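No lab work stands behind these numbers, since they all come straight from the coordinates. These figures come from a predicted structure and were not determined experimentally. Note that we place each Cβ from the backbone using ideal geometry, even for glycine, and neighbour counts take in every protein chain shown.
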Amino acid sequence: IYFVLFVTISSLVLLTLFVSVVTASMEEARTNQSKVRANDMRIKSLNLSDTALRNFQAAFNILDLDDSGFIDQDELRIGLQSVGCNPSQESLDNMMATADVDDSKSIDFAEFVVLMVNEHHLLEEQKECRPSSIAESEFSSLGDIDES
């Protein structure tokens, strides 16, 4: 009789754990889906052309060295240095703080697009970025904003 009782209680415990895991996974998926929708709405609100979005996606993919879907501060620094910019640690901290609206310590694609559209002048104003003419022409072609 103890064996049957033990098996029954163990089965109920396992069932409870299974339900908890499934519920947590569903909640995580729902949260991620909400974030994706919010990001899509933020990007659409910028009224960028399809070409600009493709260019921003290509630039984001280049900067995302570990293919995580996010750009951390080290990847941002490496990317900026590769186009002739040498930002100070303070400037990098400011860019990350400005771009990282969800305080995840990394920049997702929507945050990257907003940063590029709204804040690309930061380094130039601070005289920390002197891109080569090739990089400058490539950068200027990234953000063709559709005014219509």
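Annotation: amide H-H contacts under 5 Å for Ile107 (H modelled 1.01 Å from N, sequence separation of 5 or more, or interchain): Ile71, Asp72.
Computed packing ranks the peptides 16-26, 106-116 as 106-116, 16-26, most packed first, by mean other Cβ atoms within 10 Å.
The stretch 75-99 and the stretch 1-26 have Cα centres separated by 50 Å.
One decimal place: the segment Leu14-Lys35 gains 4.4 nm when fully extended, by the rule 0.36 nm per residue minus the C-alpha distance.
As a calculated quantity, the FRET efficiency between Thr51 and Ser82 at R0 = 22 Å, using C-beta atoms, amounts to about 0.45.
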